[in-house]
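A.B. asks: Dropping a structure here in structure tokens format, bear with me for questions.
The values are calculated or read from the model by the stated rules, or taken from the named source; none is laboratory data. A quick note: this is a predicted structure, and the numbers were derived from the prediction, not measured. We place every Cβ from the backbone using ideal geometry, glycine too, and count neighbours over all the protein chains shown. With ligands, DNA and RNA removed, areas are computed over all heavy atoms of the protein, side chains included. Shrake-Rupley method; radii C 1.70, N 1.55, O 1.52, S 1.80 Å.
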Amino acid sequence: MTAKEKYGISCEEALALMEQRIAQDNLRCHCLATEAIMRCLAHEFGADEDLWGIAGLLHDLDYAETKDDMKRHGLVTESILRSMGVAEEICRAIKSH
């Protein structure tokens with residue numbers, strides 16, 4: 001089963017979404033680094049690397065919109081991803097970070 005089938009978004013779609021929504025190079029690098037770290041942690045814990053990687057990649061998707069109101073940070077991303085049909089595990093992880 002592919003990431004798209006399991007989680008409602010493929011790794012490629014997640015990368016494209018991150019690139020579309022995040023303009024700053026430093027924040028893009030942060031998201032890519034977070035994805036890599038999350039994949040390594042998932043491997044160490046025997047968890048799904050795609051699930052953890054996608055959550056890491058997209059965790060700051062709404063930062064530009066919410067940086068001045070951190071109470072909303074994560075909630076905007078959750079809304080975006082839910083409207084796309086992304087899996088609950090990813091939405092919940094991002095909302096909770």
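A.B. asks: For a label point 7 angstrom out from the Cα of residue 82 toward its Cβ, which stretches of segment 1-40 have the backbone nitrogen within less than 19 Å?
C.D. replies: The answer is 7-9, whose backbone nitrogens lie closer than 19 Å to the label point.
A.B. asks: Any idea what the dipole of segment 49-97 comes to, in debye rounded to 20, about its Cα centre with Lys/Arg Cβ at +1 and Asp/Glu Cβ at -1?
C.D. replies: On the way: 6 positive and 10 negative charges, 39 e Å.
Computed about the Cα centre, the dipole is about 180 debye.
A.B. asks: Please enumerate, by chain and number, the lysines with C-alpha under 27 Å from the C-alpha of residue 67, excluding those fewer than 8 residues away in the same chain.
C.D. replies: Candidates past the 8-residue exclusion: 95.
A.B. asks: Can you give the accessible area per residue of the chain, in Å², using a 1.4 Å probe? Intermediate values should be presented prior to the final figure.
C.D. replies: Values: 5560 Å² over 97 residues.
Counting only protein heavy atoms, the per-residue value for the chain is 57 Å².
A.B. asks: Now for a separate question. What is the spin-label model distance, in nm, from residue 20 to residue 64 if the labels are put 7 Å beyond Cα along the C-beta direction?
C.D. replies: In this crude label model, residue 20 to residue 64 measures out at 1.3 nm.
A.B. asks: Would you be so kind as to identify which of 76, 23, 8 lies farthest towards the positive end of the dipole of the chain, taking Lys and Arg as +1 and Asp and Glu as -1 on Cβ and the Cα centre as origin?
C.D. replies: Checked the options; the winner is 76.
A.B. asks: If you place +1 on the Cβ of every Lys and Arg and -1 on the Cβ of every Asp and Glu, how big does the dipole about the Cα centre of the chain come out, in debye to the nearest 20?
C.D. replies: Dipole about the Cα centre, nearest 20: 240 debye.
A.B. asks: Roughly to the nearest percent, how much of the accessible area of the chain is carbon and sulfur, given a 1.4 Å probe?
C.D. replies: 54 percent
A.B. asks: Let me ask you something else. Going by alpha carbons, how many degrees (0 to 90, nearest 10) lie between the helix axis of 49-58 and the longest principal axis of the chain?
C.D. replies: It is inclined by approximately 10 degrees.
A.B. asks: For q = 0.25 Å⁻¹, what log10 I(q)/I(0) does the chain give under the Debye formula with an equal point scatterer on each alpha carbon and no solvent?
C.D. replies: Here the Debye-derived log intensity ratios amount to -1.43.
A.B. asks: Right, next: Compute the angle between helix 11-21 and the longest alpha-carbon principal axis of the chain, please, reported from 0 to 90 degrees and rounded to the nearest 10.
C.D. replies: 0 degrees
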